[in-house]
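See below for the structure under consideration.
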Amino acid sequence: MNLAKHFKELNKYGVAWFLLEKEEKKCEKTKNYLLNMKIQRLKLEILPYFPQADFDLIKNKLLELQQAQAKEDEFQLYFIQIRNMFAEKLEKGDVEFSSPIISKAIQQYSNIKNEKNTPKIQLKIIEILRAEYGVKKNFVGLAKELKGYYKQLNFSQEERIGFSNSIANIEYIMAYTMLGIRDFREAKIHLENLKQLMEKSDLVNLNYVGKYIAILSFLKIFENKILEAIFLIQDSVEKFGVKIPEREINNLKLNQAAFHCLVSEFKPSNKILLEFNKSDGYYQKTMGREWVIRKEMIRAIIQLELNNIDIAENIVLNIESKHKELFQKSNLCWSNHLLQQ
């Protein structure tokens, strides 16, 4: 862009135009509307000296970009407004359902108000809800809010096809949240909805198979079908391992190790933990600190059950020395922390 300006000032309009065209293609790929508008404006400055250019094409493109940027800005403003609204609502302890306020807020934004029911916007609002309630650890409040909000969603068949990945994310969040408050009936409903979307789209299946298996295996645990849960994870890792992101594979394997402990199968559990052969620093960076603690807690349990009491004690002392403040702030427990996104 700066180089194009330089050649324009030197009256090298053809070179400047060539550079702008090249930069414009990059902007179109990255959907950088703001920079693309600047390119079109600079083209307008060059236009009188470069008769080969098409004024109508530049005009139409500039107007389209202005509209796209306005929409982008309004999305951002709307989501910040919604986030602030929920932060204030939670601070006050307000338990009223928020959907009417959300619907009213979007009416201020002329470029996006007609898109208020699209999966893209609905998913973003649900993610904001989840984040704000998650900060306060108010999972019961989150579930109540999401249940009410979900009931109002009504996607067309066209949207279900065009936005299947966004809708799958909504169903996953709903299933995960309902499992978190032990509403197993609702969790199963949303998990089945997710399964149907996965069956219709290879992309959705690829993106959510790991998450789907994680929730389904936990539902089996709560139904006391522990061996089924273990086999489900083992079979899924063997079938889809190369397709599932490393983070999700690691979560599934750690869950499996924990499930083996539930049926006193400590050697298979230990064998799985030995597969995590990278440094704790690596896993803390890629998986998070609490994941590392869970791994070490399971390792301590295994060593204790194998009568390696000194080793188990050293593991526990090491956890306490490294992560003492996290234990003071956090309710680290099997049910909330073995299942991860």
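The values are calculated or read from the model by the stated rules, or taken from the named source; none is laboratory data. Just so it is clear, the model here is predicted, and its values are computed rather than measured. Methodologically, a virtual Cβ is constructed for each residue, glycine included, from the backbone with ideal geometry; neighbour enumeration extends over all protein chains shown.
Filtering segment 133-157 to residues that are of a type in the set (D, E, K, R), farther than 26 Å from residue 210 by Cβ and either modelled with pLDDT of 85 or more or surrounded by 16 or more Cβ atoms within 10 Å (Cβ to Cβ) (or both) leaves 144, 145, 151. Residues that are more than 14 Å from residue 147 (Cα to Cα) and touching a helix residue (DSSP H, G or I) at 6+ places or on another chain (Cβ under 8 Å) within segment 189-205 comprise 191, 193, 194, 195, 197, 198, 199, 200, 201, 203, 204, 205, listed in sequence order. For residue 173, the stated conditions do not hold, so it cannot be described as in a helix (DSSP H, G or I), buried (at least 19 other Cβ atoms within 10 Å of the Cβ) and either modelled with pLDDT under 85 or of a type in the set (Gly, Ala, Ser) (or both). For beta carbons closer than 7 Å, sequence separation of 6+ or different chains, a first residue in segment 235-246 that is farther than 13 Å from residue 205 by Cα and a second that is assigned to a helix (DSSP H, G or I) and basic (Lys, Arg), the qualifying pairs are 237/253.
Conditions tested, residue by residue: (1) modelled with pLDDT under 95; (2) touching a Lys or Arg at 6+ places or on another chain (Cβ under 7 Å); (3) among the aliphatic types (A, V, I, L, M).
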position: 193; (1), (2), (3): no, no, no
position: 201; (1), (2), (3): yes, no, no
position: 219; (1), (2), (3): no, yes, yes
position: 230; (1), (2), (3): no, no, yes
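Pairs are defined by a Cβ separation below 8 Å, a sequence spacing of at least 6 or placement on different chains, a first member in segment 76-89 that is closer than 11 Å to residue 128 by Cα, and a second member that is acidic (Asp, Glu); the pairs so defined are 83/132; 86/132; 87/132. Please indicate, with yes or no, whether at least one residue in segment 164-177 is of a type outside the set (Phe, Trp, Tyr) and over 23 Å from residue 120 (Cβ atoms). Checked segment 164-177: no residue is of a type outside the set (Phe, Trp, Tyr) and over 23 Å from residue 120 (Cβ atoms). Does at least one position in segment 250-262 carry a residue that is under 24 Å from residue 182 (Cα atoms), touching a residue at least 40 places away in the same chain (Cβ under 8 Å) and of a type in the set (Gly, Ala, Ser)? The answer is yes, given that some residue of segment 250-262 is under 24 Å from residue 182 (Cα atoms), touching a residue at least 40 places away in the same chain (Cβ under 8 Å) and of a type in the set (Gly, Ala, Ser). Against the list (1) in a helix (DSSP H, G or I); (2) in contact (Cβ under 8 Å) with a residue 12 or more places away in the chain; (3) over 17 Å from residue 218 (Cα atoms), the condition residue 281 fails is (2).
Within segment 289-302, does at least one residue satisfy the condition of being of a type in the set (Phe, Trp, Tyr), modelled with pLDDT under 95 and on the phi < 0 side of the Ramachandran plot? Yes: segment 289-302 contains one or more residues that are of a type in the set (Phe, Trp, Tyr), modelled with pLDDT under 95 and on the phi < 0 side of the Ramachandran plot.
In segment 139-148 there is no residue matching the filter, namely being farther than 27 Å from residue 206 by Cα, touching a helix residue (DSSP H, G or I) at 6+ places or on another chain (Cβ under 8 Å) and part of a loop (DSSP other than H, G, I, E, B). Answer yes if at least one residue in segment 5-18 is surrounded by fewer than 14 Cβ atoms within 10 Å (Cβ to Cβ) and polar (S, T, N, Q), and no otherwise. Within segment 5-18, one or more residues are surrounded by fewer than 14 Cβ atoms within 10 Å (Cβ to Cβ) and polar (S, T, N, Q). Selection of segment 106-120 for residues being in contact (Cβ under 8 Å) with a residue 40 or more places away in the chain and either of a type in the set (Asp, Glu) or surrounded by 19 or more Cβ atoms within 10 Å (Cβ to Cβ) (or both) yields 112, 119. Of all residues in segment 176-225, those being within 18 Å of residue 254 (Cα to Cα), crowded, with 21+ Cβ neighbours inside 10 Å and either free of Cβ contacts under 8 Å to residues at least 12 places away in the same chain or of a type in the set (Gly, Ala, Ser) (or both) number 3.
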